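Following: one structure in structure tokens, then a few remarks.
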Number of protein chains: 2
Amino acid sequence: MLGDIIREDLEEMIRAQSWAELREVLATLHPSDVAELLIDLPGEDEGVIFRILPRDAAAEVFAYLPHQHQAKVIESLSTELTSGMLNQMSPDDRTRLLETMPAEVTRRVLERLSPEELKAARALLGYPEGTAGRYMTPEYVALDANLTAREALEYIRLHGKGKETLSYVYILDKSGLLIDDLKLASIVLAAPDDKLTDIKDTALVSISASATRDEVVDTFRKYDRTALPVIDNRGHMLGILTVVDVFDAAEAEATQEIQRMGGTEALDAPYLDVGFMAMLKKRGGWLSIIFVGEMFTASAMSHFEKDIERAVVLALFVPLIISSGGNSGSQATSLIIRSLALNELKLRDWLRVLGRELLSGLALGMLLGFIGFLRIVLWQHLYSSVSHNYFTDYGPHYMLVGVTVWAALVGVVTFGTFAGSMLPFILRRLGFDPATSSAPFVATLVDVTGLCIYFGVALVILRGTLL
Amino acid sequence: MLGDIIREDLEEMIRAQSWAELREVLATLHPSDVAELLIDLPGEDEGVIFRILPRDAAAEVFAYLPHQHQAKVIESLSTELTSGMLNQMSPDDRTRLLETMPAEVTRRVLERLSPEELKAARALLGYPEGTAGRYMTPEYVALDANLTAREALEYIRLHGKGKETLSYVYILDKSGLLIDDLKLASIVLAAPDDKLTDIKDTALVSISASATRDEVVDTFRKYDRTALPVIDNRGHMLGILTVVDVFDAAEAEATQEIQRMGGTEALDAPYLDVGFMAMLKKRGGWLSIIFVGEMFTASAMSHFEKDIERAVVLALFVPLIISSGGNSGSQATSLIIRSLALNELKLRDWLRVLGRELLSGLALGMLLGFIGFLRIVLWQHLYSSVSHNYFTDYGPHYMLVGVTVWAALVGVVTFGTFAGSMLPFILRRLGFDPATSSAPFVATLVDVTGLCIYFGVALVILRGTLL
């Protein structure tokens, strides 16, 4: 609401060309709020606002924009203005921005960087996408182990300006080997004449530059730090990762998980920023694969066509039975996928999970089967005693039909729970991400198997009466 | 692997009663690694390890255990040992622990706290569950605005020990009103004689004590801070929240979202820590509700029973068609739910989303319909020319059946995408969490409607031939 009012005010000031007033209003806002306003403004007004903001403020606002939006701004503003902003971004943010831009624009942007900044951007770009090396920043403070606390604070005061974070500082030896990390707070708390080597805080934890996003998120989850050092395979310090970067990475991880569970390729961008054709491709691919899988249901149904002809009543419960299998499967699979992602479950727990899920499946199947049986008996009675219009006649063998539905549901729900809980383990064991379309795959598997279970049960129970 | 080896070593040392050796090995491990080992050890060995660890180390290890596990330890260890550990926990962690324990145990634990610690725990417990007030810690450093940077550092050195974080310090006036927050780093970077009021870093951002978990996560997401102050409605400072707490909260939020999308009540605990009956209740409830909803498919099918009798070939494609509707619906709903949760989409975007999704649905429906049509024509040809065993005879009107399936898929997939994308908006508008069982509800709605669309289309296209 507030945002809307301010946005209208801004647009009015721009139209009235009240630049002084506009500059004043902008100065009162937090850079992240200005960024949020900009996202909703038309492109030409955006340019005006960037030109009116003081250089420093413009860089801060720019840093808060989503990457897709930053790329647009970079392409539209003058070289002089953007090179100023780019040079003030932190190297890891700049790397991420460069990744989202078309190659030609990236080249033009790299040209605008100062030689030093260019070196940092190039170094970061050398690591494979998705690894710690790609997202670290080389902006940290390294200290010599022989300094006293007082000397260290003095050194930080003189050399620490503009570093991404100073919450942690790092003790390196002459060759660049990482020896320890110290909280800035621990140095402030120490007696001024204490040597850094005598200050004890939490044990050193570091991350390999080749660590994947999941490994990085796990390490932060486990050690509760706000920044961790990144090292190469010989233990030399390369840069740092901050919890803010990792927070974003963890959110992106959860988003991918949710999208994959929903049967879409991960979008890797906000919904409205993905073009219509790109969106169709990401959705149509999986949807077609699953559709082809679901065609086996038509084959299974053809196999039982003669039975359906003889007892059409069986067809009535097909959607109910296969959807129950699918739902119990997707329950199990979503629980297990998330637990695996959070490392609450390990691969070796599969047998324990199997036991639990088989029991759960049996219990849930009995419950649903019982409800289904009741419904059939009840509808039959209401059909004879109350109304022929609203209730269904399941024929003289309605009790047997009820028992068939009950037994089929026990089988289908148990199988759904079994398949749903084991598929994520199998995918993980084979080296795939368990979230990869597990839920729809489970549904397909359970639909086809569920039909076979249902008609199989029917053939046994209804032989000699309906079949 | 490493964990397994160490665990076996530890168990052996315990059995051999080599206490000195055990103490030595434990001293080399990071507290969070010790905690991880403890989780896998039998209860009696756990007690031994807690008794052998130095007091400080025991408290650190304890802090890294999951809350459910902490509660177990508290109940099993001696009063003297636990009161020591409890007094060393940070107040917010202690509050969360107290929440997970049965009331009787909580009372016994509160008795063991020092009077000061008890006051802090009680104050935190006064805020409703899930609000910022419940999870803040009152352990922060407050400074007077008139200090110089040098005086401030001296004050922090003398009074800052044991605070949850010193990365930020807070400027309060005499009445406790929050005036500004300063990074410790900014004070270290300032000239020693600069007044605190002259140090400028990022603008003040604060959180209300009554803010919900989602609001807190959003604020951290937006402002990229590692700690934020919590204030009451008059602007007085109450405590701080750290990004580490919020990281955990954001993960819990994503977990709930995933579980609800899978059609389970949120577990609120790791999979293996939820008892069998509790798990059944959380899963059986939703599963039954959805099952009752799915019963409408049986009613819909009964409605078309006569048509199925006349053209059993129609029944063959029922699972294929309703699952396609369900899959396209769950794709749309998972995309929209996550975008709403991350604030990438706002309520007011619904019309834009509707337009996009209707178009996507049409395009995806045409695609799947085309594949389905091809399959029917192809199988029919293969039936006549290759084998009567592996392929199906769809009868003399197979082209019309193919057209029916094609048109039904266009309708069903479009409806699925429409319902899947709009239901989260409707739930959010009504004040519910959009993730609440959206996916299974969409599936149910789409299954019933899908059947009606399918048979409706069939009645139009096949009238005079099959029907």
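The values are calculated or read from the model by the stated rules, or taken from the named source; none is laboratory data. Given the structure is predicted, the values throughout are model-derived calculations rather than measurements. Cβ placement follows ideal geometry from the backbone for every residue including glycine, while neighbour counts extend to all protein chains displayed.
Name the one entry in B:L358, B:L409 that is at the interface with chain A (Cβ under 9 Å from one of its Cβ atoms) and within 17 Å of B:I453 (Cβ to Cβ).
So the residue among B:L358, B:L409 that is at the interface with chain A (Cβ under 9 Å from one of its Cβ atoms) and within 17 Å of B:I453 (Cβ to Cβ) is B:L409.
Inclusion of B:R310 among residues that are of a type in the set (D, E, K, R), buried (at least 17 other Cβ atoms within 10 Å of the Cβ) and either at pLDDT below 85 or over 30 Å from A:L347 (Cβ atoms) (or both) is not warranted. Summed over the stretch A:255-272, the residues that are at the interface with another protein chain (Cβ under 8 Å from one of its Cβ atoms) and on the phi < 0 side of the Ramachandran plot give a count of 11.
Across the stretch A:202-229, the number of residues qualifying as assigned to a strand (DSSP E or B) and under 26 Å from A:P434 (Cα atoms) comes to 3. Taken together, A:L238, A:L182 contain a single residue that is modelled with pLDDT of 90 or more and not acidic (D, E), which is A:L182.
The residues listed here are A:D224, A:D198; of these, the one that is more than 9 Å from chain B (Cβ to nearest Cβ), surrounded by fewer than 23 Cβ atoms within 10 Å (Cβ to Cβ) and free of Cβ contacts under 8 Å to residues at least 12 places away in the same chain is A:D198.
Residues of the stretch B:287-331 that are aliphatic (A, V, I, L, M), more than 7 Å from chain A (Cβ to nearest Cβ) and in a loop (DSSP other than H, G, I, E, B): B:A311 alone. Of the numbered criteria (1) closer than 13 Å to A:L228 by Cβ; (2) away from every other protein chain (no Cβ under 13 Å), the one A:K183 fails is (2).
For the stretch A:415-467, a tally of residues being within 14 Å of another protein chain (Cβ to nearest Cβ), in a helix (DSSP H, G or I) and touching a Pro at 6+ places or on another chain (Cβ under 6 Å) returns 3.
Residues are listed down the side, and each one gets a yes or a no for (1) in contact with a Gly (Cβ under 8 Å, 6 or more places away or on another chain); (2) crowded, with 17+ Cβ neighbours inside 10 Å; (3) assigned by TED's automatic domain parsing to the domain that holds A:S421:
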site	(1), (2), (3)
A:V353	no, yes, yes
A:L367	yes, yes, yes
A:L382	no, no, yes
A:S385	no, no, yes
A:N389	no, no, yes
A:T392	no, yes, yes
A:G395	no, no, yes
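Restricting A:G160, A:G176 to those that are under 38 Å from the mean Cα position of the chain (by Cα), on the phi > 0 side of the Ramachandran plot and not acidic (D, E) reduces the list to A:G176.
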